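Here is the structure we will look at, set down as structure tokens.
The values are calculated or read from the model by the stated rules, or taken from the named source; none is laboratory data. Everything quoted here is computed from the prediction, not taken from an experiment. Counting neighbours? That spans all protein chains shown, and the Cβs are built from the backbone with ideal geometry, glycine included. For accessibility, only protein heavy atoms count, side chains too; no ligands or nucleic acids. Shrake-Rupley method; radii C 1.70, N 1.55, O 1.52, S 1.80 Å.
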Amino acid sequence: VQLQASGGGLVQAGGSLRVSCLASGRTISRYGMGWFRQAPGKEREFVAAIGWSGSTTYYADSVKGRFTISRDNAKNTVYLQMNSLKAEDTAVYYCATSRIAGVSSRTNDYDYWGQGTQVTVSS
């Protein structure tokens, strides 16, 4: 299973960015998916998760109302739309496939991880 994250980059504070995660080697339609991030010197933290059908989503408090997770099972792809970006959103963003069909914020519930994409927000 391979997860290819893309779409990261440099954006000014208040701006928007959309990152994508293309899965290969596994049909993700039966599994939950998640986005995590890791800033320099900090532990990896949960950002957002989406259930297998897309009808259930779950967000970290720090991004609620600004980020939106979505998925296109036909394209085996998960997206994270990030609006009103802040300097503290700067991190490497990782997508991951869950062992369960629902949503989870626990890293132990995820079995495959992408290589990450850098998001840098300038203030």
Quiz prompt | Dipole moment magnitude, nearest 20 debye, the chain about Cα centre, only Lys, Arg, Asp, Glu C-beta charged | solution = 200 debye
Quiz item: Within the accessible area of the chain, what % is carbon and sulfur when the probe is 1.4 Å and the other protein chains stay in place?
Solution: 45 percent
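Express the relative contact order of the chain as a whole percentage, based on alpha carbon pairs under 8 Å and six or more residues apart in sequence. Write out the running numbers ahead of the final one.
On the way: 326 pairs, mean separation 44.9, N = 123.
In percent, rounded to a whole number, it is 37.
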Quiz item: Distance from the Cα centre of region 95-123 to that of region 7-84, in angstrom?
Solution: 7 Å
Self-check item: Cross-link reach list, lysines versus residue 75, counting only Cα pairs under 29 Å and skipping chain neighbours closer than eight places
Solution: 64
Self-check item: Whichever aspartates and glutamates have a C-alpha closer than 14 Å to that of residue 42, once near sequence neighbours (fewer than 8 apart) are set aside
Solution: 88, 89
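Residue separation times 0.36 nm, minus the C-alpha to C-alpha distance between residue 66 and residue 53: what's the value?
On the way: separation 13, 0.36 × 13 = 4.68 nm, distance 2.16 nm.
Using 0.36 nm per residue and subtracting the Cα-Cα distance, I get 2.5 nm.
Using a 1.4 angstrom probe, figure out how much accessible area the chain has per residue, in square angstrom, rounded to the nearest whole.
Working: 6150 Å² over 123 residues.
Per-residue value: 50 Å².
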